[in-house]
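The next block holds one structure in the form of structure tokens; read it before the comments.
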Amino acid sequence: MARTTALRATAPDTLAPAARPRLAVVARPDPGRSSVPFAVLCTLIVVTALAAVLILNIQMSDQSYQITRLQNQSQRLTEQQQALAEQNERLGTPQELEKRAKELGMVPVTEPSYIDLATGTVIGQGEEGSSEEGAAASETSTELTPAIVPPARIYDQTPDYHGMGNEGA
């Protein structure tokens with residue numbers, strides 16, 4: 001007999017059944033454990049959240065009252081500032097300045113003197129005024145004041161006059 005070295009055709013491998021997963025026996029839950037700690041934890045979380053919301057709400061309410069109070073204070077201060085600005089404008093008129101100067105005992109200058117800053121010389125013959133001269137001069141100047149300086153116009157009136165009163169002489 002002759003030996004042949006032929007390879008034998010082998011049949012394709014048949015699919016083996018899939019391996020089943022290994023199952024393990026799990027211990028039954030202990031009936032002695034209760035769900036009370038879990039319920040207490042959940043209740044504590046809810047109570048804490050409600051307390052936080054309450055505290056935030058109270059703080060927002062306080063801030064709202066403080067904002068309202070500060071807005072009212074700002075409004076009062078704005079009104080006071082406007083009143084002071086109007087008073088400042090009224091007291092800054094030439095008539096008011098003259099009146100206050102007389103109350104302080106000041107007298108008007110009859111002949112002004114000027115200093116030339118470039119040379120440092122005094123131009124003009126300035127004289128000291130006296131109370132009697134000032135009283136007489138103020139009487140004559142009040143008669144002339146309306147012609148020289150018209151009354152101040154503060155509110156929404158167009159001024160016809162610009163200057164201090166000594167430009168045209």
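Some observations on this one:
- Scanning the stretch 111-137 for residues that are loosely packed, with under 10 Cβ neighbours inside 10 Å and modelled with pLDDT of 85 or more yields Asp116, Leu117, Ala118, Thr119, Gly120, Thr121.
- Residues of the stretch 94-110 classified as modelled with pLDDT of 90 or more, surrounded by 11 or more Cβ atoms within 10 Å (Cβ to Cβ) and assigned to a loop (DSSP other than H, G, I, E, B), total: 0
The values are calculated or read from the model by the stated rules, or taken from the named source; none is laboratory data. Keep in mind that this is a model prediction, so the values were computed, not measured. Every residue, glycine among them, receives a Cβ derived from its backbone with ideal geometry; neighbour counts consider all protein chains shown.
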